[in-house]
Number of protein chains: 2
Amino acid sequence: LRELELIEAIEGLLARRGERVVRWIGDDAAVVRAAALSVTTIDTVAEGVHFELSTHSPADVGWKALAQGLSDLAAMGARAGEAYVSLALPQTLGAECALELMRGMEELAERESVTLAGGDVVRAGALVVSTAVCGWADSEEELVGRDGARPGDRAAVTGVLGASAAGLLLLQGEPGAQRGGVRDDLVERHLRPEPRLAAGRGLAAAGASAMVDLSDGLATDARHVARRSGVELVLRAADVPLARGVEEVARASGHDPRELALTAGDDYELLVTVPPPRCPQAEEAAASADVPLTWLGEVAPGRGLVLLGPDGQILTGFAGYEHA
Amino acid sequence: LRELELIEAIEGLLARRGERVVRWIGDDAAVVRAAALSVTTIDTVAEGVHFELSTHSPADVGWKALAQGLSDLAAMGARAGEAYVSLALPQTLGAECALELMRGMEELAERESVTLAGGDVVRAGALVVSTAVCGWADSEEELVGRDGARPGDRAAVTGVLGASAAGLLLLQGEPGAQRGGVRDDLVERHLRPEPRLAAGRGLAAAGASAMVDLSDGLATDARHVARRSGVELVLRAADVPLARGVEEVARASGHDPRELALTAGDDYELLVTVPPPRCPQAEEAAASADVPLTWLGEVAPGRGLVLLGPDGQILTGFAGYEHA
């Protein structure tokens, strides 16, 4: 019965947004007015693997659990819709902690006009939060997959990279970035990643040929695009835009800053390929979404990812940093 | 990289069914052609809480994890569509075990023409499987909630109850049900519950006013309908249809058989309320789906659930059996 009370308390802090949701929490399933295409993903964060309650507040965990799926929708160019949340809670975790987690998730949901339309709360041996996020599109032409990159396209990333990894290093007690503002920014980027929904839709509408969100790190996610598109991605490592303070934190903890930015995950920026005639529109779309866009390289015939050093030499050996 | 190999192996055993799924595994999100209304739910099973690997094979766990959500769709009268799966795997669990789990889930997906269209595989401190299931309907009139029961309606359950609880008792080493066939049936009902999708759609089309699936047990789930509909449900406990062997197993382990059937969960049958003029159609719908339908009571003005004993007396005190 304590579980039912917790569920009621969670219901009490959620809001239904927009006109889509016909039935939600309280029935066997939620009922939502659909657009022509649903765009759906599920993502999971687990304590001890994706976060620690010593460095992440429950609200941070809830925010991040939703941000992952929204970032996937951003990479498809979809409109965000509803989310469905599973909370697996260990006995040791109090109800207040679970509510706090849901408050953090609802905070991001409100910001992105998402309704948390359903969920499940169970006991488990570990804190595990799964979030299925459903977005919508009116036609296939609105959406962008990983498989559309073609030789001759240019490749770019939104935003600046390495912030999340540097923020995590700071949370874990690594030195560097003494200036308070910089430190706070980096930590915030790790704890409260911002899905690039507006930029994703704008880039899709501008004519992007492929897109992926940077959840596993640019080096890994670029390989996904190369493999799925059947092309080679050639990226200039020296042009990777670093977030302010990343260089300092990386060096203080013995990492190469650009390697950190290339291989550490959780930045939730977008890697996008664009046919040259559409590049001006892509730049406008990013500017409209108030997000920097940095051209990093080109798509070539072939397979896989090639990273170029400052003198155009091919970089190898990127096993230096493994993101926890 | 072992995780990527596991994901590829999982992809290899999944099939795309029907014409709805435009993009699936391999992109940031799956893209599905929608009907007018999406009907979505998420459910989670955790080791040590909802199953033990000593009594449940990984394939049983996968089957059950999908069956829960499909049963929710059945209770709404929705058509089954796609499922999205999150596997949180402890270090101790091998890749073969995870694949076996997905094979069990795919077995049920094939049977119900469901596509496992996306998923996430992560490490975690415990084995936790979350499944978001998306169904479809063309109009609100096709669907049935928990809130539509009205005084004068009759109440019925599909199938026979108590089988899952008795099966679990047998798996846990309780005596009873010596005859092999009966024992196997009860254990099968626990390990491989069958969502009543055809019956749910048929009952909804026949004019059911409210419906719920029996996941928490009839006594609890009937209360959900009563509360959401703002009515009193009056059910005759003596008329609850018991599965073959439940009486024997319950008595051998010191439980009252009917109390077991009323309070133990996981039967995944449907409790339905029907306005009297539509009762013949409801009976026909159940017969068409090859599922028994047993009339158990009526809807009255008031609130909550009233269980009647064999002489019409009101039963109280149902704390006797708590389902693990």
| query | Using the alpha carbon gyration tensor of the stretch A:57-138, what are the three equivalent-ellipsoid semi-axes (square root of 5 times each eigenvalue), largest first, in whole Å? | reply | 24, 12, 10
| task | Would you mind listing the distances between the B:Gln281 label point and the same position in each other copy? Use 7 Å along Cα-to-C-beta, nm, one decimal, shortest first. | result | 5.0
| Tell me, what % of the accessible area of the stretch A:80-231 is carbon and sulfur with a 1.4 angstrom probe? | 43 percent
| Can you tell which of B:Asp138, B:Asp266, B:Asp213 shows the greatest fluctuation in a Gaussian network model of chain B with Cα springs below 10 Å? | B:Asp138
| said: Can you give me the convex hull volume of the Cα atoms of the protein assembly as shown, divided per residue and expressed in Å³? | reply: 145 Å³
| request: Determine the per residue accessible area of the stretch B:1-80 with all protein chains present and a 1.4 angstrom probe, expressed in square angstrom. | output: 35 Å²
| note | Between chains A and B, total accessible area buried, probe 1.4 Å, no ligands or nucleic acids, nearest 100 Å², roughly 4200 Å²
| request: Rounding to the nearest 20 debye, state how big the charge dipole of the stretch B:173-324 is about its Cα centre with +1 on each Lys and Arg Cβ and -1 on each Asp and Glu Cβ. | output: 340 debye
| Label zone at A:Glu5 (point 7 Å along Cα-to-Cβ), backbone N below 20 Å, the stretch A:122-138 | A:122-124
| For the stretch A:1-20 and the stretch B:69-119, distance of Cα centres in Å | 26 Å
| message | How shielded is A:44-51 by partner chains, expressed as the average number of their Cβ atoms within 10 Å of its Cβ atoms? | response | 5
| Shielding score for A:83-93, defined as the mean number of other chain Cβ atoms within 10 Å | 4
| query | Given a cut-off of under 8 Å on Cα pairs at least six residues apart, what relative contact order in percent is computed for chain B? | reply | 22 percent
| query | Counting Lys and Arg as +1 and Asp and Glu as -1, what is the net charge of the other residues whose Cβ lies under 9 Å from the Cβ of B:Gly230? | reply | +2
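Rounded to a whole number, what is D in µm²/s for the stretch A:178-324 from Stokes-Einstein with the Kirkwood radius over alpha-carbon pairs (37 °C, 0.692 mPa s)? Present the calculation step by step, with values, prior to reporting the outcome.
Working: Rh = 16.1 Å.
In µm²/s, the coefficient is 204.
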| query | Placing a label point 7 Å from Cα toward Cβ, how far apart in nm is B:Glu140 from its equivalents in the other copies, listed shortest first to one decimal? | reply | 3.3
| task | Find which of B:Val212, B:Val246, B:Gly302 sits farthest along the positive direction of the dipole of the stretch B:202-324, computed with +1 on the beta-carbon of Lys and Arg, -1 on that of Asp and Glu, about the Cα centre. | result | B:Gly302
| the stretch A:56-132: relative contact order in percent, alpha carbon pairs under 8 Å with at least 6 residues between | 49 percent
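How many Cβ atoms of partner chains, on average, are near each residue of A:297-309 if near means within 10 Å of its Cβ?
Details: counts 0, 0, 0, 0, 0, 0, 0, 0, 0, 0, 0, 0, 0.
So the per-residue partner count for this stretch is 0.
From the C-alpha coordinates alone, can you work out the Kirkwood hydrodynamic radius of the stretch A:1-83, in Å?
Details: mean 1/r = 0.0662 Å⁻¹.
Value: 15.1 Å, from the Cα pair sum.
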| request: Can you list which of the GluC sites (Glu not before Pro) found in the stretch B:19-68 are DSSP loop residues with at most 16 other C-beta atoms within 10 Å? | output: B:Glu19, B:Glu52
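Shape call for chain A from the C-alpha gyration tensor, a ≥ b ≥ c root eigenvalues: rounded (a/c under 1.5), prolate (a/b greater than b/c) or oblate?
Working: a/c = 2.21, a/b = 1.32, b/c = 1.68.
It is oblate, given that a/c is not under 1.5 and a/b is not larger than b/c.
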| query | Among A:Leu315, A:Leu296, what's the order by accessible area (1.4 angstrom probe), most exposed first? | reply | A:Leu315, A:Leu296
| message | Assume the label is 7 Å from Cα along Cα to beta carbon: what separations in nm does B:Arg192 have to the matching positions in the other copies? | response | 5.1
| field | Surface accessible to a 1.4 Å probe, per residue, for the residues of the stretch A:95-153, Å² | value | 33 Å²
| field | Charge-dipole axis of the stretch B:40-115 as Lys and Arg at +1 and Asp and Glu at -1 on Cβ define it, positive-most pick from B:Ala74, B:Leu87, B:His56 | value | B:Ala74
| task | Give, as a single signed number, the net charge of other residues whose beta carbon lies under 14 Å from the beta carbon of A:Arg16, with Lys and Arg counted +1 and Asp and Glu -1. | result | -2
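Can you give the charge dipole size of the stretch B:1-100 about its Cα centre, rounded to the nearest 20 debye, using +1 on the beta carbon of Lys and Arg and -1 on the beta carbon of Asp and Glu? Don't skip to the end; give the middle numbers.
On the way: 8 positive and 15 negative charges, 108 e Å.
The dipole magnitude comes to about 520 debye.
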| field | Selection from A:Pro151, A:Leu127, A:Leu171 lying farthest towards where the dipole of the stretch A:123-188 points positive, charges on Cβ | value | A:Leu171
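The values are calculated or read from the model by the stated rules, or taken from the named source; none is laboratory data. In this text the structure is predicted, and so the values were computed from the model without any measurement. Ideal geometry is used to build each Cβ from the backbone, glycine not excepted, and the neighbour counts take in all protein chains shown. Accessible surface is based on the protein model in full, side chains and every heavy atom, while ligands, DNA and RNA are left aside. Shrake-Rupley method; radii C 1.70, N 1.55, O 1.52, S 1.80 Å.
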